[in-house]
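A.B. asks: Quick one: the structure is below, and I'll ask about it shortly.
The values are calculated or read from the model by the stated rules, or taken from the named source; none is laboratory data. Small disclaimer: the values here were computed from a predicted structure and weren't measured. All Cβ positions, glycine included, derive from the backbone under ideal geometry; neighbour counts span all protein chains shown. Heads up: the accessible areas ignore ligands, DNA and RNA and are worked out on the full protein's heavy atoms, side chains in. Shrake-Rupley method; radii C 1.70, N 1.55, O 1.52, S 1.80 Å.
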Amino acid sequence: MTVLVLGGAGYIGSHAVDQLIEQHYDVAVVDNLQTGHRDSLHKKARFYQGDIRDKTFMESVFKKESIEGVLHFAANSLVGESMQQPLQYFNNNVYGTQITLEVMQQFGIKTIVFSSSAATYGEPKEIPIKETAETNPESPYGETKLMMEKILKWCDQSYDMKFVALRYFNVAGAKLDGRIGEDHSPESHLVPIILQTALGQKEELLIFGDDYNTPDGTCVRDYVHVVDLVEAHILALNYLKTGNQSAVFNLGSSTGFSVKEMLDTARDITGKEIPAKVVSRRAGDPSTLIASSEKAKMILGWKPQYTDIKKIIASAWNWHKTSPLGYNDIKKN
Ligand code: UFG
């Protein structure tokens with residue numbers, strides 16, 4: 001039986017494919033390569049290039065493969081871009097999920113692990129954020145993730161399709177051997193931008209605001225290592241395979257680091273100066289986002305291994321140092 005990974009050539013999806021194969025799962029991947037990289041894929045994964053919104057294409061994949069469950073990473077995922085292009089986000093994320101579920105229903109597949117986001121909560125009223133907190137997304141991106149969770153809920157109710165929605169906090173880091181890592185174009189996430197600045201690819205880090213109500217005035221986030229995050233997906237798949245109920249879990253480290261703390265840690269690890277300057281706030285950034293991940297630990301038995309922020313940044317640095325141009329470097333080899 002096969003695990004189908006949608007968006008398996010993206011940053012998180014490629015780590016999932018890699019870990020599933022290392023744990024002896026049979027894996028098929030669907031990716032339209034809009035933002036994903038062919039070279040990030042493990043050689044043992046069967047790859048189908050196409051779009052999850054293309055029903056005929058999706059049916060052809062489900063016909064060829066004996067699918068036991070779906071991991072769904074295929075989505076646009078930038079908060080800022082979603083504010084500019086909301087309809088693109090609703091189309092790709094929500095409509096793409098709708099087609100995926102229609103095809104799953106047609107083929108009698110009842111297990112899906114879904115990439116959700118802390119962006120479903122919006123500005124939190126209480127820290128750490130529990131799964132029971134109010135959901136009030138402040139961007140089209142967060143709204144699409146919440147809408148997709150709701151569609152899953154009704155598919156469970158009507159078709160007995162079981163889902164786990166994993167609400168990610170700030171995912172960072174890379175596979176420890178440096179074969180795969182984070183490569184977005186353009187890049188907007190803090191850790192890769194800090195490290196690109198360390199490599200001299202960017203002149204300086206722009207710190208978006210130092211007047212927040214936090215200890216040093218810069219935003220506080222909860223960083224989780226991509227390898228730990230992916231492990232939770234494999235646990236979720238097994239949780240569903242053993243007949244459990246649909247559920248939502250936060251995935252974070254339960255510890256917050258400010259932008260300045262991240263920068264200082266990266267300076268220590270890289271030994272580089274990493275020039276930085278404070279500029280005005282970026283629209284839509286909540287001051288503090290920290291997860292309570294107790295539920296995932298209790299129910300899924302999740303045991304994150306790389307909770308030390310230094311390890312997260314060091315693994316990302318290993319990837320950026322060895323592949324400074326991301327997958328473009330690998331293609332040249
Ligand atoms: N930041 C900077 N300078 C930069 C980039 C980021 O100061 O050049 C700051 C941001 O203002 C923020 C922090 O670094 O305070 C982290 O920013 P990221 O863009 O790396 O991540 P976000 O917290 O904005 O986004 C993350 C996920 C999203 C998810 C969101 C939920 O990447 O997918 O959390 O709010 F939707």
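A.B. asks: Can you run phi through the Karplus equation (6.51, -1.76, 1.60; θ = phi - 60°) for region 201-218 and list ³J(HN,Hα) in whole Hz, with x for Gly and Pro?
C.D. replies: Karplus-based 3J(HN,Hα) across region 201-218 equals 7, 10, 5, 7, 7, 9, 8, 7, x, 10, 10, 7, 7, 9, x, 10, x, 9 Hz.
A.B. asks: Shifting gears a bit: State in Å² the accessible area per residue of region 98-241; use a 1.4 Å probe, count heavy atoms of protein chains only, and round to the nearest integer.
C.D. replies: On a per-residue basis, region 98-241 sits at 40 Å².
A.B. asks: What's the carbon and sulfur percent of region 1-83's accessible surface, probe 1.4 angstrom, rounded to a whole number?
C.D. replies: After summing per-atom areas, the C and S share lands at 48 percent.
A.B. asks: Right, next: Using the Cβ atoms and a cut-off under 9 Å, what net charge is assigned to the surroundings of residue 131, where Lys and Arg are +1 and Asp and Glu are -1?
C.D. replies: +3
A.B. asks: Region 293-332 to region 1-19: how many Å between their Cα centroids?
C.D. replies: Region 293-332 and region 1-19 have Cα centres separated by 15 Å.
A.B. asks: Follow-up. Using θ = phi - 60° and the Karplus relation 6.51 cos²θ - 1.76 cosθ + 1.60, list the HN-Hα couplings for region 316-328 in order, rounded to whole Hz, with x at every Gly or Pro.
C.D. replies: Those phi angles translate into 5, 5, 4, 5, 5, 5, 7, 10, x, 9, x, 6, 4 Hz.
A.B. asks: Further, regarding this structure: Work out Dmax and Rg for region 109-244 from the C-alpha atoms and quote the Rg first, both in angstrom.
C.D. replies: Cα only, region 109-244: 17.7, 54 Å (Rg, Dmax).
A.B. asks: How large is the Rg to Rh ratio of the chain when both quantities use alpha carbon positions and Rh follows Kirkwood?
C.D. replies: 0.95
A.B. asks: Taking the solvent-accessible surface of protein heavy atoms with a 1.4 Å probe, what is the per residue accessible area of region 1-92 in Å²?
C.D. replies: Normalised by residue count, the accessible surface of region 1-92 is 44 Å².
A.B. asks: Past the 21 angstrom mark, what percentage of all C-alpha to C-alpha distances in region 210-277 do you count?
C.D. replies: Tail of the P(r) past 21 Å holds 48 percent of the pairs.
A.B. asks: As an exercise, identify the GluC sites (Glu not before Pro) in region 142-217 lying in DSSP coil whose Cβ has no more than 14 other Cβ atoms within 10 Å.
C.D. replies: Counting only loop positions with at most 14 other Cβ atoms within 10 Å, the GluC sites (Glu not before Pro) in region 142-217 are 203, 204.
A.B. asks: May I pose another question? Heavy atoms only, 1.4 Å probe, whole protein assembly: order 298, 161, 147 by accessible area, highest first.
C.D. replies: So, going from the largest accessible area down, we get 298, 147, 161.
A.B. asks: Run the Debye formula on the Cα coordinates of region 1-110, all scatterers equal and no solvent, and tell me log10 I(q)/I(0) at q = 0.13, 0.14 1/Å.
C.D. replies: Taken in order of the listed q values, log10 I(q)/I(0) reads -0.45, -0.52.
A.B. asks: Residue by residue, what Karplus-based ³J(HN,Hα) values in Hz, rounded to whole numbers, does region 255-271 have, using 6.51, -1.76 and 1.60 with θ = phi - 60° and x for Gly and Pro?
C.D. replies: 10, x, 10, 7, 4, 5, 5, 5, 5, 4, 5, 5, 4, 4, 5, 8, x
A.B. asks: Does a label point 7 Å from the Cα of residue 255, set along Cα-to-beta-carbon, have any residues of region 296-328 with amide nitrogen under 15 Å, and which are they?
C.D. replies: 304-315
A.B. asks: Pairs 130/260; 63/303; 202/295: which exceed 29 Å Cα-Cα?
C.D. replies: Cα-Cα > 29 Å for 63/303; 202/295; rest within.
A.B. asks: Here's another thing I want to ask about it. Could you state the orientation-averaged shadow area of the convex hull built on the Cα atoms of region 169-236, in nm² to one decimal?
C.D. replies: Result: 6.4 nm².
A.B. asks: How large a share of the accessible area of region 143-291, in percent, is made up of carbon and sulfur atoms when the probe is 1.4 Å and the other protein chains stay in place?
C.D. replies: The nonpolar share, carbon plus sulfur, comes to 49 percent.
A.B. asks: Another question, then. With both partners inside the chain, how many of the DSSP beta bridges are antiparallel, as a percent to the nearest 5?
C.D. replies: That works out to approximately 5 percent antiparallel.
A.B. asks: Additional query: Compute the whole-percent fraction of alpha carbon pairs in region 231-333 spaced more than 21 Å apart.
C.D. replies: 58 percent
A.B. asks: I'd like the distance separating the alpha-carbon centroids of region 181-204 and region 226-241, in whole Å.
C.D. replies: If we compute the Cα centre of each part, the gap is 28 Å.
A.B. asks: So if each residue of separation counts as 0.36 nm, and I subtract the Cα-Cα distance between residue 272 and residue 308, what length gain in nm does that give?
C.D. replies: 10.9 nm
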